[in-house]
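Novice: Can you keep this structure in mind? I'll have questions shortly.
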Amino acid sequence: MNTHRDSGSINTSKSSTKHRKTGEFVARESLFTELFHNSHINCVRNGFIAGFILMVLRHLVDDLLHYGRLNWTFELLFLAFGQLHIVIIIWSIMTLCTTFIVYYGTYIWANNRKFSGTSLKLYDMFWLLMYICYIMGLLIIPCWQVNKYQLPFACATTVILEQLRQLMKTHSFVRENAGKILSQSNKSTDPLLSSEFSHFNQYLYFLYAPTLIFRDVYPRTSTIRWNVVFKMFGQYLTCGFLVYHILAYSWMPVFARCFTETDLTLKSAITSIFDLMLPGVLIIILCYYGFFYCWLIGFAELLRFADRMFHEDWWNSASSATFWRTWNIIVHDWLYAYVYEDLSKLCSGKKTLPTICVTILSAILHEYWLTIVSGIFYPVLFVWYGLFGMLLRFAFPRSKGPLWSLFFLLMIPVYFATIAYLYALEMSIRYFSWNRQTFGNVMIKNGNESKVDL
């Protein structure tokens, strides 16, 4: 089998971006790359660039006029990325374990299944137990280290997201190769999966490829365009700088009110949430563009990974189901292949229970990340993402037209700003409780005041 499947050019036709199959890998460009070929879309991007330049210039000129020098401080950056050396050590240990223990553990299991009957079942059960123990260790030990060293937000986020990435890649590799070994026919229906146990170099490539679905081969480009690599990673760093600038100058003053105002009212809470919304929109745009375009395309180009379809046009989604399927194809494909399809088989093809389980699992993973990183259990994200998301999914499963798309675009900054404010408020109450009130008490107090006014 050809392990390279070189593709001199990536398919950029419209058919390559529509009607895709889950887990399908073909050579195709990113949707953003295709859109930027349109001069009108490129003009919109240039407008955003001009706006960001003016935003930075505004603070630069303000500093020069008031202080006679640049007064930019990066204390927040140093605070967020403090103890970076601990993160590197944790990541290195996780990566070494995922690289060697997972591969050679699975290899030893597959090459020593020389038993039959009950002995074979006991042998398989033993290795299944070993696999579960490894997954539990991968879940527990990094969290323990984050808590032990009290890693700041950005460092803890790096550890937890890398932990989840390696966990999902581990499960995909083990699952696909176990399927080969346990299959009676010993033949895979997927042309990108051979019938033999995967080679180490195939697994090593998969660990760093921008996908969570394991295949023995992927469509590859013939060359690395180094200008694209440097351009993508340069834009990623620029997006990071702009996100930091917005956080430091637009969000942090709002958060500071949560920690300094002793008389918290419902009016001040609503005002703060709206103050976070517009900067929040810019943060969402920069983070999404920076990761799903710059970071992933940079790695795809570096590894000659030809399938660049990491998302679809979720901003045109006319139903909640379409939105969840298109905004993050990488994670969606993993959830569909290893959770939804398996549960559908167990439920005799019924879709309701698998859909609920996928939604709840996704909400749990988001809440898990934020709980470990923030150090507090405050399930607002789970309620909003899981329950509210599920309500929309089942209440409005089909296309509702362009107004539905507008509703989604409106709700994203509302959701983002509300979650951020509630977490900041909760942390201020927990760590500065001597002069703080709970949000529930504030609501009750404002309700009583309204009754008095009546």
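The values are calculated or read from the model by the stated rules, or taken from the named source; none is laboratory data. Just so it is clear, the structure is predicted and the values come from calculations on it, not from any experiment. As a convention, Cβ positions derive from the backbone with ideal geometry for all residues, glycine included, and neighbour counts pool all protein chains shown.
Novice: Of these, Met125, Met136, Met130, Met94, which one is touching an Asp or Glu at 6+ places or on another chain (Cβ under 8 Å) and in a helix (DSSP H, G or I)?
Specialist: So the residue among Met125, Met136, Met130, Met94 that is touching an Asp or Glu at 6+ places or on another chain (Cβ under 8 Å) and in a helix (DSSP H, G or I) is Met94.
Novice: Right, another one. Across segment 295-324, what is the number of residues that are over 25 Å from Pro219 (Cα atoms) and either surrounded by fewer than 20 Cβ atoms within 10 Å (Cβ to Cβ) or without any contact (Cβ under 8 Å) to a residue 40 or more places away in the chain (or both)?
Specialist: Summing the residues that are over 25 Å from Pro219 (Cα atoms) and either surrounded by fewer than 20 Cβ atoms within 10 Å (Cβ to Cβ) or without any contact (Cβ under 8 Å) to a residue 40 or more places away in the chain (or both) in segment 295-324 gives 5.
Novice: Also, quick follow-up: Residue check: is Phe377 part of a loop (DSSP other than H, G, I, E, B) and under 26 Å from Leu276 (Cβ atoms)?
Specialist: yes
Novice: In addition: Being crowded, with 20+ Cβ neighbours inside 10 Å and either of a type in the set (Asp, Glu) or within 20 Å of Met232 (Cα to Cα) (or both) is the filter here, so list the residues in segment 278-294 that pass it.
Specialist: Of everything in segment 278-294, those that are crowded, with 20+ Cβ neighbours inside 10 Å and either of a type in the set (Asp, Glu) or within 20 Å of Met232 (Cα to Cα) (or both) turn out to be Ile283, Leu286, Gly290, Phe292, Tyr293, Cys294.
Novice: Sticking with this structure for a sec: Here is a list of conditions, (1) without any contact (Cβ under 8 Å) to a residue 12 or more places away in the chain; (2) polar (S, T, N, Q); (3) under 28 Å from Met55 (Cα atoms), and Ser272 meets all of them except one; can you say which number that is?
Specialist: Result: Ser272 fails condition (1) only.
Novice: Let me ask you something else. Looking at segment 113-130, I want the residues that are under 18 Å from Thr170 (Cβ atoms) and have a partner that is surrounded by 13 or more Cβ atoms within 10 Å (Cβ to Cβ) and not basic (Lys, Arg) with Cβ atoms under 6 Å, at least 6 apart or on another chain. Which pairs are those?
Specialist: Close Cβ pairs satisfying both conditions: Trp127/Trp109.
Novice: Okay, moving on. Would you pick out the residues in segment 240-264 that are among the β-branched types (Val, Ile, Thr) and assigned to a loop (DSSP other than H, G, I, E, B)?
Specialist: Thr262
Novice: Here is a follow-up. Tally up the residues in segment 184-223 that are at pLDDT 85 or above and part of a loop (DSSP other than H, G, I, E, B), please.
Specialist: Here the count works out to 14.
Novice: Residue check, Met232 against (1) over 17 Å from the mean Cα position of the chain (by Cα); (2) surrounded by fewer than 17 Cβ atoms within 10 Å (Cβ to Cβ); (3) closer than 28 Å to Leu212 by Cα, all met but one. Which one?
Specialist: That leaves (2) as the condition not met.
Novice: Could you look through segment 23-36, keep only residues that are without any contact (Cβ under 8 Å) to a residue 24 or more places away in the chain and in a loop (DSSP other than H, G, I, E, B), and pick out the one that is farthest from Arg220 (Cα to Cα)?
Specialist: Just the residues of segment 23-36 that are without any contact (Cβ under 8 Å) to a residue 24 or more places away in the chain, to begin with: 24, 34-36.
Now drop any that are not in a loop (DSSP other than H, G, I, E, B), which leaves 24, 36.
Details: Glu24: 14, Phe36: 23 Å.
The selected residue is Phe36.
Novice: Report, by residue number, each residue of segment 75-111 that is within 16 Å of Tyr249 (Cα to Cα) and either surrounded by 13 or more Cβ atoms within 10 Å (Cβ to Cβ) or touching a residue at least 40 places away in the same chain (Cβ under 8 Å) (or both).
Specialist: Passing the criteria: Leu76, Leu77, Leu79, Ala80.
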